[in-house]
Structure formats: structure tokens, C-alpha cells
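The values are calculated or read from the model by the stated rules, or taken from the named source; none is laboratory data. Here the structure is a predicted model, which is why all the values come from computation and not from measurement.
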Amino acid sequence: MNMVCQAMIAGDIHAWERKNLQNQRFTRLQNLVMKGYQKTKNIKHRITEKFQEHEKKIQEVDLKIGYEINKRVAEILREHEKSAKRVSESLEKLDVKIDKRKTEIQ
């Protein structure tokens, strides 16, 4: 009977050791998965930060380009207004000359 008890105890110890090894493997795998998850989460966070930085830079450049375009359009409009004013003045002078010639002819 003593040997049977020892065999049962040895079997229980062996089963416990196997279970313990399985738990250790599971814990190790679980830790690896958590590390991988954390790395992925950190990478995602860094990508999000970089994306936001680039988005901010794009908006700044967009505003700058918009400002420069508006500035240039305003300059062109002023130049056209000056040109139109000169043309108008020239036409008025021509009208005056034409009127003088008409009066001279009559």
C-alpha cells in the first residue's frame, strides 16, 4: 500500500509540475502578447502624433500660400486699376482732341 500511495503522490506531483509549466508558458506568452500590444499602441500613438504634426504644417503652408495668393491678386488688381485709369485718362484726352478737331473743321 505504501508504494501505491507513493505512486499516486508522484503522479500528482508530476501533474502539478506539468500544470505549473503550462501556466508559466501561458504567462510568458501572455506577457509577450501584452508587450507586442503595448509596442503597437506606442507606434500607433507616434504615428498619430506625426500625422497631426504634418497636418498642422500643411495647414500653416496652406494659410501662407492663401495669404500670398491674396496679396498677389490684390497687387494685380491695383495694377489693373491703375492701367484702367491711365486708359480712361488717355481716352478722355483723345475725346478732347477729337472735339477740338471737330470744332476746327466746322
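Quick look at the values:
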{"item": "Total residues in segment 54-76, condition of a type in the set (A, V, I, L, M, F, W, C) and under 22 Å from the mean Cα position of the chain (by Cα)", "result": "4"}
{"item": "Enumeration of residues in segment 67-90 that are at pLDDT 95 or above and among the small types (Gly, Ala, Ser)", "result": "Ala74"}
